[in-house]
2 protein chains.
Amino acid sequence: MNQTPQGASGQALLFLTDEQLRKGIEAMFFAYQGFTADPDRILEGMAYGRAHHRAIHFIHRSPGTTVNNLLAILGVTKQSLNRVLRTLIADGLVSSTVGTRDKRERHLHLTPQGATLERSLSDAQRDRMRTAYRAAGPVAVAGFRQVLEAMMDEDMRRHYLTLVDKPDGR
Amino acid sequence: MNQTPQGASGQALLFLTDEQLRKGIEAMFFAYQGFTADPDRILEGMAYGRAHHRAIHFIHRSPGTTVNNLLAILGVTKQSLNRVLRTLIADGLVSSTVGTRDKRERHLHLTPQGATLERSLSDAQRDRMRTAYRAAGPVAVAGFRQVLEAMMDEDMRRHYLTLVDKPDGR
DNA sequence: AGGATACGTCAGCCTTGTTGACATGACTAG
DNA sequence: CTAGTCATGTCAACAAGGCTGACGTATCCT
């Protein structure tokens, strides 16, 4: 099945063979290890892990975001997120301030210390990405993004699209 | 820093801005969620998780592989892997046979039941990949693979390269 | 014969995910 | 104003899947 698929036009769609799809799957697996390796190295021994990195990243990206919004982006339970946020707030990396319009909400921001850690994490991750981008070239990079976007779940693509074009403010 | 990098030739390398790199990072994060979502759904409630999926995938891909080889590919400790293998062997999805050349080694194979589960997991994952590939087109797919390969750690790229061109035997 | 290797296992720990239950304060509809 | 809903925090308990360290057995190799 699907070993040599044909387009409606009769054009051979050789990039859609099971073989090609499997190669993409294996590439995703090994690449993701590299993707997380550098931040993981920085965080190890700091009592923080990947979950803290994710929280820090998205608070940096959406300063003043609420807990509920962060919950939707990360796709975890509030108990899971709260455990992470609690340590980040206690350690002075994140600030939580009562909402102005709606006082039930808490607005999350990185403190200067939190911003420093965020910077070192994203620097490390960008370094690897830059090397990969440079090696692959601009055309490859465009394709890379296209395929990744097509791979997302519908809900997550929504979050991605609203985030990705916001300026970084750095 | 690095907001509008210039090539040695003076050509603007706009795809290497921090902004572009960040978009790639966020795309990787959200895409990986989609990448694992379908197998995760199948495995939930089966007493298996992502670790079992990985073991099953690579045993399928390298029938007769040894524990040590699997350890290197997965990048975990033998205790972690053993916990997973033990349940898969006990449940009759994987067989472990004493090595022929070297009797210290165990050769790992999927049983017919293991192959059935592998099939359903990889079918689900390939379906999503196929949809993404089709939406993005062959040129994008080539770039996707290029960037992912450039993103891997050196050690893992070695494993990837020796695996990726092996036939799937299915 | 002795050391290295491949594997299995026990015990204990950590992070990060889960469910369920409950409390508080704030908003909102009637 | 009251009742219901919402946003958040927290407690307890549990599970998956990482980790380290230690130990044992069988096998291979020098």
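The values are calculated or read from the model by the stated rules, or taken from the named source; none is laboratory data. Just so we're clear, the structure is a prediction, and the values are computed from it rather than from any experiment. Please note: Cβ atoms are built from the backbone with ideal geometry, for glycine as well, and neighbour counts cover all protein chains shown. The protein model used for the area step is the full one, side chains on, heavy atoms only, and it has no ligands, DNA or RNA in it. Shrake-Rupley method; radii C 1.70, N 1.55, O 1.52, S 1.80 Å.
Some values worked out for this structure:
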{"quantity": "Out of A:Thr100, A:Thr77, sole residue that is within 11 Å of DNA strand C (Cβ to nearest atom) and either surrounded by 14 or more Cβ atoms within 10 Å (Cβ to Cβ) or within 21 Å of B:Tyr32 (Cα to Cα) (or both)", "calculated": "A:Thr77"}
{"quantity": "Flag if B:Leu148 is farther than 28 Å from B:Ile25 by Cβ, open to solvent by less than 40 Å² (accessible area, probe 1.4 Å) and not aromatic (Phe, Trp, Tyr)", "calculated": "no"}
{"quantity": "Single residue of the range B:84-95 satisfying the filter (closer than 17 Å to B:Gly49 by Cα and without any contact (Cβ under 8 Å) to a residue 24 or more places away in the chain) that is nearest to DNA strand C (Cβ to nearest atom)", "calculated": "B:Arg86"}
{"quantity": "Residue match in the range A:78-88 (condition: closer than 19 Å to B:Phe30 by Cβ, away from every other protein chain (no Cβ under 14 Å) and near DNA strand D (Cβ under 10 Å from one of its atoms))", "calculated": "yes"}
{"quantity": "Some residue of the range B:103-125 being at the interface with another protein chain (Cβ under 7 Å from one of its Cβ atoms) and open to solvent by less than 50 Å² (accessible area, probe 1.4 Å)", "calculated": "yes"}
{"quantity": "Residue in the range A:99-109 that is touching a Gly at 6+ places or on another chain (Cβ under 9 Å), within 16 Å of DNA strand D (Cβ to nearest atom) and either among the hydrophobic types (A, V, I, L, M, F, W, C) or within 30 Å of B:Thr131 (Cα to Cα) (or both) present", "calculated": "yes"}
{"quantity": "Which listed residue, of B:Glu44, B:Glu19, is at the interface with another protein chain (Cβ under 8 Å from one of its Cβ atoms) and surrounded by fewer than 19 Cβ atoms within 10 Å (Cβ to Cβ)", "calculated": "B:Glu19"}
{"quantity": "A:Arg119 vs. criteria among the charged types (D, E, K, R) and under 15 Å from A:Arg54 (Cα atoms)", "calculated": "yes"}
